[in-house]
Amino acid sequence: MKPLFPLIASLCLCAPIAKAQIGAPYIHDPSTIAECDGKYYTFGTGGGGLISENGWSWHSGGVRPGGGAAPDVLKIDDRYLVIYGATGGGLGGGHNGRILTMWNATLDPESPDFKYTDPIEVCASDGMEDQDAIDPGLLLDPTTGRLWASYGTYFGTIRLIELDPTTGARVKGNKELDIAIDCEATDLLYRNGWYYLLGTHGTCCDGVNSTYNIVVGRSRSVTGPYVDNVGRDMFHGGGKMVVNAGDRKTGPGHFGRTVIDEGVEIMSCHYEADFDWSGRSVLGIRPLLWKNDWPVAGELFKGGTFEIESERRGYSLELVVDFVRMQQQRELFWNMDLSKPVEALPVQKLEEVIDTWPEGDIPVRCGDYMFRPHQRWSIKPVPEVGGTLCGPLYEIKIEGTNRALTATFDLELTTREFTGEQCQLWRIEQLIDGTYRILPYGIPGLEGLNQRYCLYSSGDSTPTLAPYDFNSDNSKWNFRDQ
């Protein structure tokens, strides 16, 4: 039978490396990413910041008065609290810093409601003590409703103070508490009964020679002590690695956590230097994984050729085509001629079986992985068509063909010639346990972009589209390079 989908002339389907973000993602000391009216914002040292319509392509345009360094932003009820260091960090030759807070009803500078309140000083350092009031981070404790800020640099200690979540001012009578040393640009978060202190360790502001990395300790109390995975207190230099240099990027610093969905989280930071962006300081966004209740930076999925394996049973996503047996001169295991040399057998090739496949759409199922062409998927990022906070969009094709995985109007799956429609573009997002969810960007007949339905194993051999459920292995997949 003549195939409807011819082999691609060149079988070299190596996926290009997708940058972590596109546009102009240049920033230093970024705040935690905040969402406002469907857009994403992060603010950096020197005033201003970045805006993104989708979380993937970033450009300048964020507005933050006051200048200074290393802000953070947090939404509390229907307002946004911004905290930043006015001076310090050795800027201008001194460590006499100030931390200030201010509010805004919106982060959109085009909104008629956009107006920052006058800044309020919440703490300061005089340049003489072993402390530097700079690099603040915010935590609104979900268990108590109390608001905390950590701040400080290598010049002395990291300190913790309590703020009023209504006014943003320092709680009257609150005394600062020293909780760590040997880091800066700290951030606090709470998860599963633990408080985490993320700190930036190493040297900054030296481009490709910067040694910044992000470490963590945890405590059952927000006031500490914060200890690492081997019991070292961060007040005595402890800290477990979360992320360091890699993927042609050096100097990750200024951690921020964003929860996308249940089981779907990302971490933001800056890289002091990205070798693929002229060594500039750029915004970095990575999947955030949790291993034994410790945060670990995941890797941006880059594509390649894989078996797509269901977490439910371990079966492989494949075309619904006839199984074609491979010819092999077998030896009975009880009567082998061990004097014969051992040889490597080739796997089945696409051109050997594609004529047996039907024309037109071919649906998919799950089955035992057998190194067969109908089970091998070439996955390629398509960054120019868009993306999300979790990464670019991807095309998913049978290796060596233009036959693409496609979502259908009845929430089912098929494969057909790739045309670039939204139902053939996929979000691939690493979950906090290291598995992946796979969602079509659009579904025919479904208004707007798909945020709900994912590739789902409704039975051991029956893939479909169904609402994402982190607590079910039916929603989870793995990519095996084999």
Cα gyration tensor category, rounded, prolate or oblate, for the range 177-223 with a/c compared to 1.5: prolate
Label selected from [x] 1.01; [y] 1.13; [z] 0.96, the criterion being Cα Rg over 2.2 N^0.38 Å as computed here: [y]
Cα→Cβ-extended label distance, 7 Å offset, between F470 and F275, nm: 3.4
Cα gyration tensor, the range 22-297 - rounded (a/c under 1.5), prolate or oblate: rounded
Cα shape, the range 304-480, gyration tensor, a/c 1.5 rule: prolate
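Can you sort L425, L319 from fewest to most other Cβ atoms within 10 Å of each residue's own Cβ?
So the residues, fewest neighbours to most, are L319, L425.
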Sites matching chymotrypsin sites (Phe, Trp or Tyr not before Pro) across the range 375-470 that sit in DSSP coil, with at most 12 neighbouring C-beta atoms within 10 Å: F409
Low-density loop positions, trypsin sites (Lys or Arg not before Pro), the range 383-479 - DSSP coil, at most 16 other Cβ in 10 Å: R452
Rule-of-thumb Rg ratio for the range 188-338 [Cα; 2.2 N^0.38 Å; N residues]: 1.54
Two-site FRET efficiency, R232 against R191, from Cβ-Cβ distance with R₀ of 30 Å, rounded to 0.05: 0.90
Neighbourhood net charge (14 Å Cβ-Cβ; Lys/Arg +1, Asp/Glu -1) for D261: -1
Charged-residue dipole, Cβ positions (Lys, Arg, Asp, Glu), the range 22-297 about Cα centre, Debye nearest 20: 360
Within the chain, longest stretch free of exposed GluC sites (Glu not before Pro) [DSSP loop, at most 16 other beta carbons within 10 Å]: 130-261
Coil-residue trypsin sites (Lys or Arg not before Pro) of the range 67-172, DSSP, other Cβ within 10 Å capped at 13: K115, K172
Set of the range 438-459 residues, backbone N closer than 12 Å to the point 7 Å along the Cα-Cβ line of E421: 442-446
Label-point separation, D361 to D141 (7 Å along Cα→Cβ), nm: 5.5
Inter-label distance for R480 and F323, nm, one decimal - labels placed 7 Å from Cα along Cα-to-Cβ: 1.5
Tally of Lys pairs whose C-alpha atoms are under 23 Å apart, taken over the range 22-297, 8 or more apart or cross-chain: 6
Extension gain, K340 back to K75 (0.36 nm per residue minus Cα-Cα distance, nm): 88.2 nm
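Rule-based calculations on the coordinates, nothing more; no lab input. No experiment lies behind these values; they were computed from the predicted model shown. Using ideal geometry, Cβ is built from the backbone for each residue, glycine included, and neighbour counts are taken over all protein chains shown.
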